[in-house]
Amino acid sequence: MVTVGVIGATGYAGAELMRLLCRHPNVEKILAGSHSHVGESYADIYPNFKKVFEFPCHDADIAAFAKKCDVVFVSLPHGIASEHVTEALLSECVVIDLGADFRLSDCSVYETWYKTKHGNPQLLGKAVYGLCELHRQQIRAARLIANPGCYTTCSILTIYPLLAEGLIDPDTLVIDAKSGVSGAGRGEKLGSLFCECDESVKPYGVASHRHTPEIEEQLSLALSHGTSTSGVVLSFTPHLIPMNRGILSTVYAKLKPGVTKGEIEEAYANKYAQEQFVRVLPYGIFPETRWVKGSNYCDIGFTIDQRTGRIVACGALDNLVKGAAGQAVQNMNIVFGLDEQAGIDALPAFPL
């Protein structure tokens, strides 16, 4: 049995973590941490937790949580975790960071894209990128896990097998992705207000979104079979869609000469046939966010555009589950040797 702490438990990703952990068969105790709701009953903040989790929120002191917990989930904006996670803290507990502080291996790349100094660059070499389907073996022995971003999880899973098998030209990669508004977090922001985003679709972070180097680094590992972090440079454009949750990534790439539909299907099967949470759809069938909402599944579909010689591959997932909290719990299950599906095996809910 595992004692867990959730720092940032009152944000959207934190609340999703709490929901999943409350039904986890191997979780013995949960401590909810919050900077702004100390002493308040969690069920008063989120009434859906009535009669499920009515304990008060604790001060979000990561060091204090580490002394009481086997694993601490840190669900805070970038720049905070790196200031507080230390070698000494990692000797006391496993840390799974849902923020961006430990996702990139190069400190200068992090500081360039996130416009802030990294608080503990010496830990970057010890952090494991927690995309479970790609790095399961390393996760098992990890003390610091960098939980991937939502756009990145969807985009990487969608295209990784094709790069790994050398079926596409990496120089032609273009990713067009769309996210529900919960991806912007629970904080008050003008662009996330109902009247500002309803009945509209808008691109943002064009040619500058912070998930870009994360996608490039992981896809470069596919290109070089895990031996290098250079090679892939791509165009990534995210869009905000007026729905609560969900990610849809559409990836375009030029196929290498002579590549067939069968080879593409074989590449996906080789990578994902044994993966519970990745569902590759029949040829020409494309994923929809409504069929993954509330679940830890990522659905992938593709077609070949014979006229242009390109593949068009689409991936869909729930940004708060497989794109955040669900994947974090999946990482916890792996590192503690639990059933990998424990607590996150729910079917997608429809309608939702």
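The values are calculated or read from the model by the stated rules, or taken from the named source; none is laboratory data. For clarity, every value in this text was computed on a predicted model and none was experimentally measured. Because the Cβ atoms are built from the backbone with ideal geometry, glycine has one as well, and the counts that use them run over all protein chains shown.
Descriptive notes on the structure:
- With respect to the conditions (1) under 27 Å from Gly180 (Cβ atoms); (2) of a type in the set (A, V, I, L, M); (3) outside the structural domain of Lys178 (by TED's automatic domain parsing), Ile285 lacks only one, and its number is (3).
- Within the range 239-282, the residues that satisfy the criterion of being of a type in the set (D, E, K, R) and either part of a loop (DSSP other than H, G, I, E, B) or under 25 Å from Cys132 (Cα atoms) (or both) are Arg245, Lys256, Glu263, Glu265, Glu266, Lys271, Glu275, Arg279.
- Residue list for the range 77-89, filter: in contact with a strand residue (DSSP E or B) (Cβ under 6 Å, 6 or more places away or on another chain) and not β-branched (Val, Ile, Thr): Ala81
- Some residue of the range 265-278 being surrounded by fewer than 19 Cβ atoms within 10 Å (Cβ to Cβ), closer than 30 Å to Ala184 by Cα and touching a Cys at 6+ places or on another chain (Cβ under 9 Å): yes
- Ile334 in contact with a Cys (Cβ under 7 Å, 6 or more places away or on another chain) and among the β-branched types (Val, Ile, Thr): yes
- Looking across the range 20-42, the residues that are within 19 Å of Ala346 (Cβ to Cβ), surrounded by fewer than 17 Cβ atoms within 10 Å (Cβ to Cβ) and touching a strand residue (DSSP E or B) at 6+ places or on another chain (Cβ under 8 Å) come down to Cys22, Asn26.
- When the range 43-65 is filtered for residues that are assigned to a helix (DSSP H, G or I), surrounded by 13 or more Cβ atoms within 10 Å (Cβ to Cβ), without any contact (Cβ under 8 Å) to a residue 60 or more places away in the chain and not acidic (Asp, Glu), the ones remaining, listed by number, are Ala43, Ile45, Phe49, Ile62, Ala63, Ala64.
- Residues in the range 309-352 that are assigned to a strand (DSSP E or B) and charged (D, E, K, R): Arg310 alone.
- Being touching a residue at least 60 places away in the same chain (Cβ under 8 Å), among the hydroxyl-bearing types (Ser, Thr, Tyr) and out of contact with any helix residue (DSSP H, G or I) (no Cβ under 7 Å at 6 or more places or on another chain) is a description that does not apply to Thr260.
- Single match in Ala146, Ala88, Ala100 (criterion: exposed (fewer than 14 other Cβ atoms within 10 Å of the Cβ) and not assigned by TED's automatic domain parsing to the domain that holds Glu275): Ala88
- Any pair with Cβ under 7 angstrom, 6 or more apart, that starts in the range 320-339 at a residue that is within 24 Å of Arg186 (Cα to Cα) and at pLDDT 95 or above and ends at one that is surrounded by fewer than 24 Cβ atoms within 10 Å (Cβ to Cβ) and of a type in the set (Asp, Glu): Gln330/Glu340
- Between Leu134, Leu90, the distinction of being out of contact with any Ser or Thr (no Cβ under 9 Å at 6 or more places or on another chain) and closer than 26 Å to Arg279 by Cα belongs to Leu134 only.
- Single unsatisfied condition, Pro25 versus (1) of a type outside the set (Gly, Ala, Ser); (2) in contact with a helix residue (DSSP H, G or I) (Cβ under 6 Å, 6 or more places away or on another chain); (3) in a loop (DSSP other than H, G, I, E, B): (2)
- Among the residues of the range 128-152, the ones that are touching a Gly at 6+ places or on another chain (Cβ under 7 Å) and without any contact (Cβ under 8 Å) to a residue 60 or more places away in the chain come to 1 in all.
- Residues in the range 242-264 that are among the small types (Gly, Ala, Ser) and crowded, with 21+ Cβ neighbours inside 10 Å: 3 in all.
- Residues in the range 283-307 that are free of Cβ contacts under 8 Å to residues at least 24 places away in the same chain, in a loop (DSSP other than H, G, I, E, B) and not aromatic (Phe, Trp, Tyr): 4 in all.
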